[in-house]
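Please read the structure below before turning to the comments.
Laboratory data are not the source of any read-out in this text; all were calculated from the coordinates shown. Because the structure is a prediction, the values reported are computed rather than measured. Cβ atoms come from the backbone with ideal geometry, glycine included; neighbour counts cover every protein chain shown.
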Amino acid sequence: MKRGNKNAISPVVATVLLIMMVVVIALIIFLWFRNISGEVITKEGTENIKLACGKVKLSASYSSGTLFIKNDGTIPISGMKVKSTSSSGSSTENLPGFDNGLGVGGAGEYTYPESEDLVLIPVLLGKTKDGQRNYVCQDHGQAVI
Amino acid sequence: MIKNKLGVSGMIGYVLLIGIVMTIAGFMYIFLRSYVPQEELTCPDGGSISVLKYTCVFNSAGEYKLNITLKNSGRFDLYGYSIYATNTTGQKIATSDLSKYFDFESGGGAVQIDGIQNIYFNPNPGSNGLITSKSTSHMFKEIPYKIFSVDITPLIKVETKDNRIDTAVCGDAKIKENIECVSV
């Protein structure tokens with residue numbers, strides 16, 4: 001059998017394939033990117049909430065089963081998690097009684113059992129495309145004990 | 001046979017290049033714009049409040065009454081303040097809000113708004129609040145617990161970048177005053 005044309009596929013088919021591949025890849029990138037941008041939580045306009053976490057300023061102390069917390073920063077705190085370490089292990093939970101949050105300059109006292117280590121992790125309320133969402137500032141925990 | 005070895009013409013090459021660059025730049029802008037820090041509402045240096053004098057008394061029913069004279073010792077007019085008390089010995093951070101016991105008749109127009117733990121010297125438009133070097137006396141009555149100290153944090157009106165007037169909490173200008181109460 002004699003092969004005169006050395007092209008594997010015709011230029012028309014190649015062009016159609018190329019365009020289809022580009023469209024499909026563009027679609028995949030678009031969907032992926034839309035997903036990423038939809039997950040961004042913002043605070044104070046368009047600022048990423050991760051930056052707002054860095055602006056949180058807390059004063060906290062612990063005495064005889066009571067946690068004293070004051071919000072000295074300019075960011076309202078909507079929730080608080082407590083990471084405690086005792087002989088039985090480590091646990092993280094929402095601070096009981098911290099239901100109304102702490103506004104700017106606000107302060108409160110909360111009953112909490114004694115442990116070896118206590119770390120306060122602030123939770124901020126931010127905005128997403130789908131509405132409001134809480135964000136836990138994991139990297140901005142503050143040791144009290 | 002292909003005589004022209006160019007894949008696409010020079011013109012289309014440029015158009016594609018610019019188009020791709022603009023698309024990537026658009027994606028990067030959308031993705032990174034949230035990482036640009038916004039202007040933080042901060043109190044200017046020079047905002048300061050001080051306690052000139054105080055009297056604290058308590059009655060047989062265990063109700064405390066605090067009369068405190070505050071002075072604007074800073075360079076800016078003060079819009080208001082927040083006041084918290086410690087009610088146990090050894091308590092480092094004052095967490096008991098005294099603003100809810102504020103006596104409205106004592107402050108010469110000062111008010112406390114429900115739900116907001118601040119006292120405003122005079123929130124009316126045109127008022128400058130407590131102006132520099134002036135002082136005022138405020139009364140807090142029927143406080144149901146003993147007071148050991150108070151933390152007072154001044155508030156200042158500041159203009160934001162978009163020309164809005166907002167309230168800044170001067171956390172760095174917070175003062176602490178130990179309180180001793182006597183029986184009446």
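Details
- Computed with the Debye formula from one identical point scatterer per Cα of the stretch B:1-157, without solvent, the log10 of I(q)/I(0) at q = 0.10 Å⁻¹ comes to -0.51.
- Which of B:S9, B:A110, B:V51, positive extreme of dipole for chain B (C-beta unit charges): B:S9
- Gyration tensor analysis over the Cα atoms of chain A returns equivalent ellipsoid semi-axes of 55, 18, 10 Å (largest first, whole Å).
- Chain A: relative contact order in percent, alpha carbon pairs under 8 Å with at least 6 residues between: 22
- Estimated 222 nm signal from helices in chain B, with DSSP H stretches of n ≥ 4 weighted -39500 (n - 2.57), rounded to 500: -4500 deg cm²/dmol
- Cβ-to-Cβ counts within 10 Å put B:M139, B:M11 in ascending order as B:M11, B:M139, the fewest first.
- When the P(r) of the protein assembly as shown is calculated, the portion above 38 Å amounts to 38% of the C-alpha pairs.
- In a simple Cβ point-charge model (Lys, Arg +1; Asp, Glu -1; nothing else charged), the stretch A:42-143 has a dipole of about 420 debye relative to its Cα centre.
- Amide H contacts under 5 Å for A:L95, placed H, 5+ residues apart: A:M80, A:K81, A:V82
- Excluding the site residues themselves, the longest part of chain B lacking any trypsin sites (Lys or Arg not before Pro) in a DSSP loop with at most 11 other Cβ atoms within 10 Å is B:6-160.
- Among the chymotrypsin sites (Phe, Trp or Tyr not before Pro) in the stretch A:1-101, none is located in a DSSP loop while being surrounded by at most 10 other Cβ atoms within 10 Å of its own Cβ.
- Spatially near lysine pairs across chain A, Cα under 22 Å, sequence gap of 8 or more or different chains: 22
- Between B:S137, B:S60, B:S96, the Gaussian network model of chain B with springs among Cα atoms under 10 angstrom shows the greatest mean-square fluctuation at B:S60.
- Using only the C-alpha atoms, the convex hull of the stretch B:66-146 corresponds to 105 Å³ per residue.
- Given +1 at the Cβ of Lys and Arg, -1 at the Cβ of Asp and Glu and no other charges, the dipole of the protein assembly as shown around its Cα centre is 2040 debye to the nearest 20.
- What the phi angles of the stretch B:150-161 give under the Karplus curve with 6.51, -1.76 and 1.60, with θ = phi - 60°, is a coupling list of 10, 10, 10, 10, x, 10, 10, 7, 10, 9, 7, 4 Hz, glycine and proline written as x.
- Whole-number percent relative contact order across the stretch B:60-160, with pairs defined as alpha carbons under 8 Å at least 6 apart: 46
- Largest mean-square fluctuation among B:V111, B:V36, B:V169, in a Gaussian network model of chain B whose springs join Cα atoms under 10 Å apart, belongs to B:V36.
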